[in-house]
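In what follows, a structure is listed as structure tokens, so that the remarks can point back to it.
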Amino acid sequence: MKKRRYVVKFRVKSILVLLFLVYLLGIFAKQEMLLREQYVETRELERQIDYIRQENNDLVRQIQYSESEEYIERVARENLGWVKEGERILIEDKK
């Protein structure tokens with residue numbers, strides 16, 4: 001009895017190779033889209049980080065200013081109506 005040898009024709013081999021290449025191309029395209037999405041997301045997160053850092057720096061400056069004598073004096077004058085010794089207050093008559 002002869003052994004049967006399966007001979008895969010050139011056309012079938014070509015189709016299988018083509019299908020495999022299409023599959024690989026699909027995987028590559030999907031990975032490329034994911035990378036682009038992650039790049040855009042990374043850029044947006046970096047913008048948010050920069051904004052938060054700037055906001056944080058502004059708050060630090062506000063805190064430092066609020067601890068200064070200049071700020072305390074300004075608040076005491078504006079909100080509490082305090083005056084320094086020897087100063088006079090002018091009160092407008094609002095009609």
Original post:
Helix 69-80: angle to the longest alpha-carbon principal axis of the chain, degrees 0 to 90, nearest 10?
Top reply: 70 degrees
Subject >> Degrees between helix 10-66 axis and first principal axis of the chain (Cα, 0 to 90, nearest 10) >> reply: 10 degrees
Original post:
Could you work out Rg/(2.2 N^0.38 Å) for the stretch 10-80, with Rg from alpha carbons only?
Top reply: 2.66
Original post:
What net charge is computed for the residues neighbouring Tyr51, neighbours being all others with C-beta under 15 Å from the C-beta of Tyr51, Lys and Arg scored +1, Asp and Glu -1?
Top reply: -2
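Every read-out reported here was derived from the displayed coordinates using simple, explicitly stated rules and does not represent laboratory data. Only a predicted model underlies this, so the values are computations on that prediction, with no experimental measurement involved. Please note: Cβ atoms are built from the backbone with ideal geometry, for glycine as well, and neighbour counts cover all protein chains shown.
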